[in-house]
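Structure first, commentary second.
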Amino acid sequence: MDLHSVDTYRRPKNLQELGDWQPTWAWLAGGTWLFTEPQPQVQTLVDMQELGWDELTVTPAGLTIGATCPMQRLISDRLPEPWTAMQALQRGVQELASFKVQTLATVAGNLCLALPAGTFAPVMVLLDAEYELWTPAGAMRRVPAQQFQTGARQTILQPGEVLRFMHIPAQTMDWATSYHRFCTASAGLAIALVTAAYDPVAQRVRFCIGASVGRPYLVQAEGIPTIAQLADLLDAQIPASAYLDDTLASAAYRRHLTQVLMARSLSDLPC
């Protein structure tokens, strides 16, 4: 879609070139969402591609994903075989869109859009990821993934602030994971999404719930729950008011599907 309100395009090589951030500016990474609907408030696009933030870096500390790293690299790049949790991230890519979109869309862009049905946010929360946020003025702060999205299309990002990179610690990359998503149509938005992980060291299971609620919710068990215990576990950690109720599905139906997907996830894990 043409953005008729845009009259300025900037492609800085560093943040110092930008100066003071203006309310009519917008960051441009992959652009796969930005150009899908009118953006009447945007007059200037700030293209991030020349900043060199497309890292996908493996270190003994874990995996770092840069702000402009395209989703497709989570599938195509060679990563350590013991990192079984990559399967959940890769499912997030495969469930989201066609290969054409995957080569342009960024992981960070998906997180910042903060749709309830976002494919990556539940995985990041599940794996105890940490985000580093930068401002054009050079200030930075780190926050747990669990604190980043506060609701549907809502995050803690302040005007001009950008999600610089995501870091997933090595100790969670070894977890066994599961990923289940339910849509009313093959190419539609998910109405329930459940990611799950088994920590073999602590011998514990955790779930992260998305799509059925406005933001990701982490649901943790003391050990390995049975299928019969899932309902109580879910209701104890997610309030009934948190479930979305709209034209796609009722809150009761979303809650039911969430429990069904939790049961499927539990059967996937080697515990």
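Quick notes on this structure:
- As a size descriptor, the averaged projected area of the C-alpha convex hull of region 1-104 was calculated at 8.1 nm².
- In order along region 39-48, the Karplus-derived 3J(HN,Hα) couplings, from 6.51 cos²θ - 1.76 cosθ + 1.60 at θ = phi - 60°, round to 10, x, 7, 9, 10, 10, 9, 10, 6, 8 Hz, and Gly and Pro are given as x.
- Calculated translational diffusion coefficient of region 33-94 (25 °C, 0.890 mPa s; Stokes-Einstein with Kirkwood radius over alpha-carbon pairs) equals 175 µm²/s.
- Amide N of region 208-245 lying under 13 Å from the label point, which is placed 7 angstrom from the Cα of THR84 along Cα→Cβ: none
- Top of THR172, THR32, THR106 by mean-square fluctuation, Gaussian network on the chain, Cα under 10 Å: THR32
- Relative contact order [Cα under 8 Å, 6+ residues apart], the chain, whole percent: 16
- P(r) histogram, all alpha-carbon pairs of the chain included - 10 Å bins from 0, percent: 7, 29, 35, 21, 7, 1
- On region 1-144, 53 percent of the accessible area sits on carbon and sulfur atoms, based on a 1.4 Å probe.
- A 1.4 Å probe run over the chain, with the rest of the protein chains in place, finds 46 Å² accessible per residue.
- Efficiency of FRET from Cβ geometry, CYS183 and THR150, R₀ 22 Å, rounded to 0.05: 0.35
- Carbon + sulfur, % of accessible area of region 197-271 - ligands and nucleic acids excluded, 1.4 Å: 52
- Rolled with a 1.4 Å probe across the full set of protein chains, the surface gives ASP245 an accessible area near 110 Å².
- Rg/Rh for region 99-156, where both radii come from Cα atoms and Rh is the Kirkwood radius: 0.99
- The figure for SER98 is an accessible area of roughly 50 square angstrom, using a 1.4 Å probe on the protein chains alone.
- For the chain, the mean residue ellipticity at 222 nm estimated from helices alone is -6000 deg cm²/dmol, where every DSSP H run of n ≥ 4 contributes -39500 (n - 2.57) and the total is divided by all residues, rounded to the nearest 500.
- Fully extending the segment from GLN203 to MET140 would add 19.2 nm, taking 0.36 nm per residue of separation and subtracting the current Cα-Cα distance.
- The figure for LEU79 is an accessible area of roughly 30 square angstrom, using a 1.4 Å probe on the protein chains alone.
- Across region 20-33, computed HN-Hα scalar couplings (Karplus, 6.51 cos²θ - 1.76 cosθ + 1.60, θ = phi - 60°) run 6, 5, 10, x, 9, 8, 9, 5, 10, 10, x, x, 5, 9 Hz from first to last residue, x flagging Gly and Pro.
The values are calculated or read from the model by the stated rules, or taken from the named source; none is laboratory data. Predicted, not measured: the structure shown is a model, and the values here were computed from it. Methodologically, a virtual Cβ is constructed for each residue, glycine included, from the backbone with ideal geometry; neighbour enumeration extends over all protein chains shown. To get the accessible areas, we keep the full protein, side chains included, count just its heavy atoms, and leave off ligands, DNA and RNA. Shrake-Rupley method; radii C 1.70, N 1.55, O 1.52, S 1.80 Å.
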